[in-house]
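J.: Could you have a look at this structure, given as structure tokens, before my questions?
The values are calculated or read from the model by the stated rules, or taken from the named source; none is laboratory data. Keep in mind that what you see is a predicted model, and the values were worked out from it rather than measured. Virtual Cβ from ideal backbone geometry, glycine too; neighbours counted across all protein chains shown.
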Amino acid sequence: MDRLKLNTELYKSLYLIRKSEEKIRKHYFDDEMKTPVHLSVGEEAIAAGVIHALRKQDQFFGTYRSHGIYLARTGETDKFFAELHGKGSGLARGKAGSMHLCAPEQGFLGASAIVGSIIPVGIGAAFANKYTKSDKIVAVFFGDGATDEGVFWESINAACLWKLPILFVCEDNKLAVFTKDKDRQGYKSLNEIVSKFEINTFQEETTDVEKIYDIASVAIKSIKETGKPSFLILKYYRYLEHVGVNEDFDAGYRSKKEFKKWYEKDPIKIQRKKLLNLGVNELEIKKIENAIDKKIISSYKKAQKADFPDSCELEDEVFG
């Protein structure tokens, strides 16, 4: 894919994620969405960059903050908004809500609301792929708070011992909800600790989605070339509260000044400016944005009008 086309596609993903979550923010207190939400405003470049670096046949897992990776992979919003509204036309027919998005036909094998719990599931999928001699790579997304869980280290160890085709993607904002890394970690560099394992390690602090795409591509290529898993740490700043749609700079654990510093390198602004510098004119960019805006509005209206699932759904696909 040439760089202009790539950067255009990356901008479409960034814009779709941002505007979809802005739509959620705008209407959340209408009380029509039947789910708590963990928004990814500010970290869209991680989802867009890594997902676009993966091949279509590759698989991935997410956390409760997974709107970005779903939208980056599928580009669809009808089922997405229907699921948030608890409607029968949703991804999981209204059963999953925001925190358990899943689209296996698109390679998104699931998300979990329990911190760290999805990492060993990713290990299982990667093991299955190696056992069946599949060419698929698994990417598992998690926050830096998950690295405080024992299961994270057990999973890293297993992946290295068994040389699994897995990409660990640590979305690092130096927070576990409100607790800063220095107050919960007895080491200075996660990357340095993980690098002691038989694993390829990569770290990037940029909010430039193209740079994230590039480093993710190198990390994925390294899995193929070395036969070892890869570990990717990407820094970001969460603009909004941990769960919900509000700002929380009055909570005492971070400042508005810190946010303003990060907003100067907002991933949407960086990528839009890059398109202009690459020769895409303002009207073309507006056309892209308007099409996405209309798509989101249409999907939201469909979700509002859609029917709730039938009561028989309560016991369907329940196995225990």
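J.: On the basis of being crowded, with 24+ Cβ neighbours inside 10 Å, under 13 Å from the mean Cα position of the chain (by Cα), farther than 18 Å from GLY143 by Cα and hydrophobic (A, V, I, L, M, F, W, C), does LEU71 make the cut?
T.: So LEU71 passes the test.
J.: Can you find even one residue in segment 304-315 that is at pLDDT 95 or above, within 29 Å of SER89 (Cβ to Cβ) and not in a loop (DSSP other than H, G, I, E, B)?
T.: Among the residues of segment 304-315, at least one is at pLDDT 95 or above, within 29 Å of SER89 (Cβ to Cβ) and not in a loop (DSSP other than H, G, I, E, B), which makes the answer yes.
J.: As an exercise: evaluate SER255 against (1) surrounded by 14 or more Cβ atoms within 10 Å (Cβ to Cβ); (2) at pLDDT below 95 and give the number of the one condition it does not meet.
T.: All conditions are met except number (1).
J.: Here's another thing I want to ask about it. Considering only residues of segment 1-41 that are part of a helix (DSSP H, G or I) and of a type in the set (Val, Ile, Thr), which is surrounded by the most Cβ atoms within 10 Å (Cβ to Cβ)?
T.: Going through the qualifying residues, I end up with ILE17.
J.: Let me ask something additional. If a residue has to be assigned to a loop (DSSP other than H, G, I, E, B) and within 23 Å of HIS52 (Cα to Cα) to count, how many in segment 181-216 make the cut?
T.: Counting residues in segment 181-216 that are assigned to a loop (DSSP other than H, G, I, E, B) and within 23 Å of HIS52 (Cα to Cα) gives 5.
Here's the yes/no breakdown for (1) out of contact with any Leu (no Cβ under 7 Å at 6 or more places or on another chain); (2) not in a loop (DSSP other than H, G, I, E, B):
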position	(1), (2)
TYR253	yes, no
GLU258	yes, yes
ILE285	no, yes
PHE319	yes, no
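J.: While we're looking at this one, here's another question. Can you name every residue in segment 1-47 that is within 12 Å of VAL245 (Cα to Cα) and aliphatic (A, V, I, L, M)?
T.: ILE24, VAL37, LEU39, VAL41
J.: Next up: PHE168 versus (1) buried (at least 24 other Cβ atoms within 10 Å of the Cβ); (2) part of a helix (DSSP H, G or I): which is the lone unmet condition?
T.: For PHE168, the failing item is (2).
J.: OK, next. Among the candidates LEU240, LEU278, LEU234, single out the residue that is closer than 22 Å to SER66 by Cβ and in contact with a helix residue (DSSP H, G or I) (Cβ under 6 Å, 6 or more places away or on another chain).
T.: LEU234
J.: Could you grab me the full set of residues in segment 77-117 that are closer than 26 Å to ASP172 by Cα, among the polar types (S, T, N, Q) and surrounded by fewer than 23 Cβ atoms within 10 Å (Cβ to Cβ)?
T.: GLN106, SER112, SER117
J.: Based on this model, can you work out whether GLU149 counts as buried (at least 23 other Cβ atoms within 10 Å of the Cβ) and either farther than 19 Å from ILE212 by Cβ or in contact with a helix residue (DSSP H, G or I) (Cβ under 8 Å, 6 or more places away or on another chain) (or both)?
T.: It is false that GLU149 is buried (at least 23 other Cβ atoms within 10 Å of the Cβ) and either farther than 19 Å from ILE212 by Cβ or in contact with a helix residue (DSSP H, G or I) (Cβ under 8 Å, 6 or more places away or on another chain) (or both).
J.: Name the helices (runs of 4 or more DSSP H) wholly inside segment 42-143 in which the number of residues that are at pLDDT 95 or above, under 24 Å from SER20 (Cβ atoms) and touching a Gly at 6+ places or on another chain (Cβ under 6 Å) is 2 or more.
T.: 44-53, 78-84
J.: Also, I was wondering about something else. Specify which of the listed residues (ALA219, ALA159) is touching a Pro at 6+ places or on another chain (Cβ under 7 Å), in a helix (DSSP H, G or I), at pLDDT 95 or above and among the hydrophobic types (A, V, I, L, M, F, W, C).
T.: When all the criteria are applied, what remains is ALA159.
J.: Look through ILE223, ILE215 and report the one residue that is in contact with a helix residue (DSSP H, G or I) (Cβ under 9 Å, 6 or more places away or on another chain) and among the β-branched types (Val, Ile, Thr).
T.: ILE215
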